[in-house]
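K.L.:
One structure, as structure tokens, below. Some questions next.
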Amino acid sequence: MKKAILNTLRGPSRRKLLQVTAAGVLAGVATSNLPGRSSAFAAEKRTGKTLVAYFSRTGNTRDVANQIHQSIGGDIVEILTTHSYPSDYRATTEQAKREQESNFRPQLTTEIQNIDAYDIVFVGYPNWWSTLPMAFFSFFEKYNFDNNMLIPFCTHEGSYLGRSVSDMKALCPNSTIREGLALRGGNSGYAKTDAAHREIAEWLHKLKIAA
């Protein structure tokens, strides 16, 4: 069975790694951005925890998620499903397209407990057909993110964030969704470059969420 990995970072120099089963335990977070609220929310003192939740097929989104986690601390978890995706890129896109067209909801093997302990959730994903992988549709329908802040970031092949943010708003109408980040994915290897790391750091600074 696949395992979800929870990394708890307390301060920039101390990281605790906990490996749990897919049906294991994770503490959770939430956040987002509505017009007129983002600046005030960003200026407030955070009283809850931060979660970086990501879905990654090739590892590009994982690289970005790890960079964000290293910068801000909190917890990090990979969103896993009961079924896998092909290693071949074209086969994956075809499967993703079928899932979208059928409005499929993949079953998640990652469990998050105490989701209310978090007030900010970074949401990371590859942009598939201009939106979130269907695994995140399952994720947002499974957990309640009302009155929390969601911060999207994605890797893409040229479509940037696509309509993923508007779909996220439809799934979480009572959340505050902040400005997202889109980084080139594919075989470019950009996510691991110094330029990408600078882009991530500048984005976090703009959000006023960096540690």
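K.L.:
Of all the residues that make up the range 84-131, how many are surrounded by 12 or more Cβ atoms within 10 Å (Cβ to Cβ), in contact with a strand residue (DSSP E or B) (Cβ under 8 Å, 6 or more places away or on another chain) and part of a strand (DSSP E or B)?
P.N.:
Looking only at that region, the number is 10.
K.L.:
Same structure, new question: Do you know which residues across the range 138-190 are of a type in the set (Lys, Arg), outside any loop (DSSP other than H, G, I, E, B) and within 21 Å of ASN103 (Cα to Cα)?
P.N.:
Within the range 138-190, LYS142, LYS169 meet the criteria.
K.L.:
Follow-up. Output the qualifying pairs, or none if there are none: Cβ atoms under 6 angstrom, residues six or more apart or on different chains, first residue in the range 164-175 and in contact (Cβ under 8 Å) with a residue 60 or more places away in the chain and under 14 Å from PHE139 (Cα atoms), second residue in a helix (DSSP H, G or I) and small (Gly, Ala, Ser).
P.N.:
none
K.L.:
Now for a separate question. Within the range 52-75, which residues are under 20 Å from HIS205 (Cβ atoms) and in a strand (DSSP E or B)?
P.N.:
Within the range 52-75, VAL52, GLY74 qualify.
K.L.:
Let me ask you something else. Please work out which one of (1) touching a residue at least 60 places away in the same chain (Cβ under 8 Å); (2) surrounded by fewer than 20 Cβ atoms within 10 Å (Cβ to Cβ); (3) at negative phi is the condition THR155 fails and give its number.
P.N.:
(2) is the only condition that THR155 fails.
Since every read-out is calculated from the coordinates, none of them should be taken as a lab result. This structure is a prediction, so every number in the text was calculated from the model and none was measured. Methodologically, a virtual Cβ is constructed for each residue, glycine included, from the backbone with ideal geometry; neighbour enumeration extends over all protein chains shown.
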